[in-house]
Amino acid sequence: MMELLTFGDTGWGDELLLSMVMTILVSTSSLAFGLLIGTIFASFKLSNSYILKTIAEFYTTVVRGVPELLVIYLLFFGGSGAVMYVAKIFGHMGYIELSPFTIGTIAVGAISGAYSTEVIRGAILAVPKGQFEAARTLGMKKYALSFTIIFPQVARLALPGIGNVWQVTLKDTALISVTGLVEIMRQSKIAAGSTHEPFLFYTVAIILYLFITSISYQFFNRAETKFSKGFVREDA
Amino acid sequence: MRFDLMYESFFKIIQGIPLTLEVVFLSTIFGLFFAIIIALMRVSENKLLSNPAYYFIYVIRGTPLLLQLFFIYYGLAQFTFIRESFLWFFLEDPLFCGILTLTLSTAAYSAEIIRGGMQSVAPGLIEAASSMGMSKMQRLRKIILPITIRQALPAYGNELILMVKATSLISIVTLMEITGIARTIISKTYAPVEIFIVAGSIYLLINFLITRMIKFSENKLNHGTIQ
C-alpha cells in the first residue's frame, strides 16, 4: 500500500507534495487579497461617511452569514461573466475565462477579507488615541501618520487575529476543489478515485493539512513574540 | 436581473430549508452532548482522559470539514469488514455521514468554547461550594455548568452560525439542501447572481433568527447580574 505514496510515475507522492504547494500558494494569495480588502473595509467602517460605513457593514454581514460554498459557486459560475461584462464596457469583445486559481483566490479572499476587516478594525481601535494626537501635534500629514505611526502598531496588534484568519482561510481553500483547482483536497480525491484507496489518501490529506496548520501555528507564535518585544501584555 | 427567475427559484430553494434545519438541529444536539464530555475530559487532570480530547480537538480543528466528510463517507467505505458489518447500514447513507461529520466538528469547536467558559468560573466559587459540603457532581451541576453556560453563550452563538453555513457542504455528497438546490438551478439557468441572492437571503434570515434567539437567552440568563 505504501508504494502508492512513492515519488515518480507509479506513486502519488510527488503529486501530493505539489498539491500541498498549491494549497499553500492559494491560501497565501487569498490571505493577502483578504488583508487588502480588510484594510479598505476597516477604514470604511471607521470613516465618518454613512455610505461607506453601510457598504462595509453590508459586505461583512453578507459574507459572514452566507455559506462559503455559495460564495465560491457565485464566482465560479459568475466570475467570468462579470469580467467579460466589464471588458465589454472598455470595448473588449470576446471570451475571457478566469483560471480556477484566480477564482479561488478571489472567492476565498473575499471570505477571508470579511474576517480580516473585523480584525483590522479592532486593531486600529486598539491603538491609543494619544498616538494619533501626538503625531498630529508634530505636524504629520494624514498619509505620513497612517504609514509611519499607525500601520506598524496595527500590524502588531492584528497579528494574533490574522493568525486565526489564516487557519480559517487555509481550511476554506479545500472548498475550491469543486472548481477543479488541484490542491490537496482535489489531488487526494483524484488519487482515491483511481486507486480505490480512499482511506489511505484521505488520511494522507489529513496529515498534510495538520502539518501546514501546525507549522503556521508555530510561525505565528514566533512572529507574535518577535513583534511584541518590549511590550508588556496588559492582560498578563 | 431576472426577477421572474428569482421568484420561481425561491419556491424551489425553500424546499431545501427543512433538510438544512434538520441537519443543523440534530448535529447541534448531539454535538453539544459530546462537547460537554470532551470539555470535561480536556480539563481533567488524568492524562488518559485529557490527551485523547486534546488530539481529537487538534485533528478536527486542523483539517477542513470537507475532508472530514470525505474521509467518513468515502474513506471508511473502502474496508470490506465495515461494509459487511451493521455499521454499513448507517455509513452508506450520505445524510447519516453528513450529520456525523458535523456532529464531530461542532463537538470539537464547542468543547473549546465550553472549556473557556469553565475556566472563567472563579476558583473562590468552587472552593465555597466544596466547603459547604457539595460533592463533585453537585458542584458541576449547580455551580460550574450554570456559570459556564452564561459565559460561553455568545461564542456558542457564533458556532451555531458556522454550523448553519457548514451544512452547505453536505450538498457535495448529493444531498439536496438549500445550497444543493441552488447549485442545480445555477448550472441549469446560468444565473448565478440571481440564485445567490435568493439562497443567500434565506441563509441570512436563518442566521439572523439564531442571533436574535441567542441574544434573547443571553438577556434572560444575565438577569440580575451586573455586566
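Per-structure values
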item: 3J(HN,Hα) from dihedral phi, the stretch B:7-14, Karplus parametrisation 6.51/-1.76/1.60, rounded to Hz, x for glycine, proline; result: 5, 5, 6, 4, 6, 6, 5, 5
item: Exposure of residue A:49 as accessible area (Å², to 10), given a probe of 1.4 Å and all protein chains; result: 40 Å²
item: Loop-located GluC sites (Glu not before Pro) in the stretch B:1-90 whose Cβ has at most 12 other Cβ within 10 Å (DSSP); result: B:45
item: Euclidean distance between Cα centres, the stretch A:124-148 to the stretch B:140-171, Å; result: 40 Å
item: Largest to smallest accessible area among A:6, A:225, A:137 [probe 1.4 Å]; result: A:137, A:225, A:6
item: Gaussian network model of chain A, Cα within-10 Å springs - most flexible of A:108, A:182, A:204; result: A:204
item: Euclidean distance of C-alpha centroids, the stretch A:176-233 and the stretch B:71-125, integer Å; result: 20 Å
item: Gyration tensor verdict on the stretch A:111-195 (Cα atoms; rounded if a/c is under 1.5, prolate if a/b is larger than b/c, oblate otherwise); result: prolate
item: Rounded to 10°, Cα long-axis angle of helix B:178-189 versus longest principal axis of chain B; result: 20 degrees
item: Coil-residue chymotrypsin sites (Phe, Trp or Tyr not before Pro) of the stretch B:1-93, DSSP, other Cβ within 10 Å capped at 16; result: B:79, B:86
item: Computed [θ] at 222 nm, deg cm²/dmol, the protein assembly as shown (DSSP H ≥ 4; -39,500 (n - 2.57); rounded to nearest 500); result: -25000 deg cm²/dmol
item: Distant-in-sequence amide H partners of residue A:12 (H built 1.01 Å from N, under 5 Å); result: A:5, A:6
item: Sparsely packed chymotrypsin sites (Phe, Trp or Tyr not before Pro) within the stretch A:171-236, loop by DSSP, other Cβ within 10 Å at most 15; result: A:231
item: Selected from B:176, B:137, B:213 as most flexible by GNM, with chain B as the system and alpha-carbon contacts under 10 Å; result: B:137
item: Gaussian network model of chain B, Cα within-10 Å springs - most flexible of B:75, B:116, B:133; result: B:133
item: For chain A, the longest site-free run once trypsin sites (Lys or Arg not before Pro) in DSSP loop states with at most 11 other Cβ atoms within 10 Å are removed; result: A:1-140
item: Of A:171/B:220; A:53/A:189; A:129/B:220; A:141/A:171; A:171/B:215; A:171/B:136, pairs whose Cα-Cα distance is over 32 Å; result: A:171/B:220; A:53/A:189; A:129/B:220; A:141/A:171; A:171/B:136
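The values are calculated or read from the model by the stated rules, or taken from the named source; none is laboratory data. Fair warning: this is a prediction, and the values are worked out from it, not measured in the lab. All Cβ positions, glycine included, derive from the backbone under ideal geometry; neighbour counts span all protein chains shown. Heads up: the accessible areas ignore ligands, DNA and RNA and are worked out on the full protein's heavy atoms, side chains in. Shrake-Rupley method; radii C 1.70, N 1.55, O 1.52, S 1.80 Å.
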